[in-house]
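Data first, discussion second: the structure below is written as structure tokens.
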Amino acid sequence: GEDVEQSLFLSVREGDSSVINCTYTDSSSTYLYWYKQEPGAGLQLLTYIFSNMDMKQDQRLTVLLNKKDKHLSLRIADTQTGDSAIYFCAERPTDSWGKLQFGAGTQVVVTP
Amino acid sequence: SQTIHQWPATLVQPVGSPLSLECTVEGTSNPNLYWYRQAAGRGLQLLFYSVGIGQISSEVPQNLSASRPQDRQFILSSKKLLLSDSGFYLCAWERGAGANVLTFGAGSRLTVL
């Protein structure tokens, strides 16, 4: 099974906010990431947060990290049809440099 | 700026045939290089990583192998493909020790029939 868990599907109306949730297991993780994958394409880094931060905001994206609960979330404000994609949460344990642990991905569908 | 290239983008191969997927990175030197596989509807599984020429570490036992003949070239191979090797293969790179951002290529979709 996955060490990083995400819900598999999210449907949201255009203009609303999307919130994608993720739980991870390794409390030593130094960085946590959100990647976006559009159909047939590779993964695009959206944002990442260092483990000593609680929140990071980048334009329409807000990442919240709750280390106590090992919970990470990605909020997309004013969701657009171009935001329809699969979103992957990933953690980087302390001793693993590039060996990221990925969740199974959340399919986000934006409806008009 | 740095770019990463993978090819071929799409490949259909019969069971038992060989495989070679290639990945190259431009605009950097001595990158860490990675091969991930994404099975349908699932997350990414790390297959191999390399911190330098000729240095390959395997994460899972399997029918595949990797090689790094040059600093910015990473090759995924198989001598005889299995049906279970079908999937989406992603190459990724990051700067050497201390880096924290993994950048992915566009992926290679392999279908084994």
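At a glance:
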item: Yes/no for B:VAL60 being β-branched (Val, Ile, Thr), open to solvent by 30 Å² or more (accessible area, probe 1.4 Å), modelled with pLDDT under 95 and over 14 Å from the mean Cα position of the chain (by Cα); result: no
item: Residue in the range B:50-57 that is surrounded by fewer than 20 Cβ atoms within 10 Å (Cβ to Cβ), more than 14 Å from chain A (Cβ to nearest Cβ) and in contact with a strand residue (DSSP E or B) (Cβ under 7 Å, 6 or more places away or on another chain) present; result: yes
item: Single match in A:SER18, A:SER7, A:SER28 (criterion: more than 20 Å from B:ARG42 (Cβ to Cβ), open to solvent by 10 Å² or more (accessible area, probe 1.4 Å) and either more than 10 Å from chain B (Cβ to nearest Cβ) or of a type in the set (Asp, Glu) (or both)); result: A:SER28
item: Residue within the range A:90-100 that is among the β-branched types (Val, Ile, Thr), closer than 26 Å to B:LEU90 by Cα, open to solvent by 10 Å² or more (accessible area, probe 1.4 Å) and within 13 Å of the chain's Cα centre (by Cα) present; result: no
item: For A:LYS99: the one exception among (1) within 20 Å of A:SER7 (Cα to Cα); (2) within 11 Å of chain B (Cβ to nearest Cβ); result: (1)
item: Residues located in the range B:65-113, provided they are within 12 Å of chain A (Cβ to nearest Cβ), surrounded by fewer than 20 Cβ atoms within 10 Å (Cβ to Cβ), more than 29 Å from A:THR94 (Cβ to Cβ) and of a type outside the set (A, V, I, L, M); result: B:ARG109
item: Residue check for A:THR106: away from every other protein chain (no Cβ under 14 Å), over 26 Å from B:GLY96 (Cα atoms) and among the β-branched types (Val, Ile, Thr); result: no
item: All positions within the range A:45-66 that are closer than 14 Å to A:SER27 by Cβ and surrounded by 15 or more Cβ atoms within 10 Å (Cβ to Cβ); result: A:SER51, A:LEU65
item: Residue within the range B:5-15 that is under 21 Å from A:ALA90 (Cα atoms), surrounded by fewer than 19 Cβ atoms within 10 Å (Cβ to Cβ), in contact with a strand residue (DSSP E or B) (Cβ under 8 Å, 6 or more places away or on another chain) and not hydroxyl-bearing (Ser, Thr, Tyr) present; result: no
item: Single unsatisfied condition, A:LEU43 versus (1) within 11 Å of chain B (Cβ to nearest Cβ); (2) at pLDDT 95 or above; result: (2)
item: Test: B:PRO61 is more than 12 Å from every other protein chain (Cβ to nearest Cβ), free of Cβ contacts under 8 Å to residues at least 40 places away in the same chain and closer than 25 Å to A:VAL4 by Cα; result: yes
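The values are calculated or read from the model by the stated rules, or taken from the named source; none is laboratory data. If you're wondering where the values come from, they're calculated on a predicted model, not measured in any experiment. When we count neighbours, we look across all protein chains shown, and the Cβ atoms used for this are built from the backbone with ideal geometry, even at glycine. The accessibility values were calculated without ligands, DNA or RNA, using every heavy atom of the protein model including side chains. Shrake-Rupley method; radii C 1.70, N 1.55, O 1.52, S 1.80 Å.
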